[in-house]
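Structure first, then comments.
Values in this text are rule-based calculations from the coordinates and carry no lab data. All values derive from a computational prediction rather than experimental measurement. FYI the Cβ positions are ideal-geometry reconstructions off the backbone, even for glycines, and counts take in every protein chain you see.
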Amino acid sequence: MGFDVASWGYWQGENAAALQASIFADSTTVLNLGIILGAFIASAAGGLFKFTKITPGNFAASVIGGLLMGYGARLAFGCNIGAYFGGIASFSLHGYIWRVLALAGTFLALYLRPLFGLSVPKPTDTFC
């Protein structure tokens, strides 16, 4: 995109070598790609994966949701493993606060879905 990230403070010193290495040399990147691939395989194996037409509402909801999830993960110092399970396991108050706010965020997101032209998923009788 034209940014010279090599001049940024983060990419100085020890981190500078990462700019010249393959993305597959970074264990976090490999882990994230594995999670995406695993989710795709599980969805496809369960018959739940399908291509849908991209609508402006669907696109907007995806971008806004992704940005909010990324921002929330940075505020919480990690995802559900680091912030929630780690917090609960260590009896830290932040784990319990994370749980309450995650549930509130879920209900808010379900309430806002129709504004983007998306349906609200209906609960099922089984969890399979």
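Dividing the Cα convex hull volume of the range 44-107 by residue count, how many Å³ per residue is that?
115 Å³
Rank the residues D26, D4 as a footprinting-exposure proxy: fewest other Cβ atoms within 10 Å of their Cβ go first.
Fewest-to-most ranking of D26, D4: D4, D26.
Which translational diffusion coefficient, to the nearest whole µm²/s, is obtained for the range 1-50 from the Stokes-Einstein equation, given a Kirkwood hydrodynamic radius over C-alpha pairs, 37 °C and 0.692 mPa s?
Reported coefficient: 245 µm²/s.
Could you pull out which residues in the range 57-72 have an amide N less than 16 Å from a spot 7 Å beyond the Cα of S43, following the Cα-Cβ vector?
Taking a point 7 Å out along Cα→Cβ of S43, the residues of the range 57-72 whose backbone N falls under 16 Å are 58-67.
Quick one: putting +1 on the C-beta of Lys and Arg, -1 on the C-beta of Asp and Glu, what dipole do you get for the chain around its Cα centre, in Debye to the nearest 20?
520 debye
Of A61, I97, A18, which is farthest on the positive side of the dipole of the chain, counting Cα position, with +1 on Lys and Arg Cβ, -1 on Asp and Glu Cβ, and the Cα centre as origin?
Of A61, I97, A18, it is A61.
Which percent of Cα pairs goes in each bin when the distances of the chain are cut into 5 angstrom slices starting at zero?
All Cα pairs considered, the percentages come to 2, 8, 10, 13, 18, 20, 13, 10, 5, 2, 0.
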